[in-house]
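Input: a single structure, listed below in structure tokens.
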Amino acid sequence: ADLPEPLRPKFKAKGEETARAIQIMIASAKVKARKVLKLIREWLKLIPGVNRFFLEQETAIKAQKLILMAKEKSEK
């Protein structure tokens, strides 16, 4: 499903803002799972008509991957 054209710049900007916030948390070694979940969830909510179950599932998957990456980075 394609994102409507008027929503694309907003979705991209919010995604980039979310990525920067998570990168800062990872760099500072202060990754908080709830904060990561909230950031991703707020970003994905921009998709019109998104199924709530899908939203929660995608949020959890993306957050788990990011938290795992952060743990691996902090162990190095």
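The values are calculated or read from the model by the stated rules, or taken from the named source; none is laboratory data. Every value quoted in this text rests on a predicted model; they were computed, and no experiment measured them. Accessible surface areas use protein heavy atoms only, side chains included; no ligands, DNA or RNA. Shrake-Rupley method; radii C 1.70, N 1.55, O 1.52, S 1.80 Å.
Geometric descriptor of the chain, per residue, is 83 Å³ (volume of the convex hull of the Cα atoms). Only protein atoms count toward the accessible area here, which uses a 1.4 Å probe; on the chain, the carbon and sulfur part of that area reaches 57 percent. Rounded to the nearest 10 degrees, the inclination of helix 52-75 to the longest alpha-carbon principal axis of the chain is 30 degrees.
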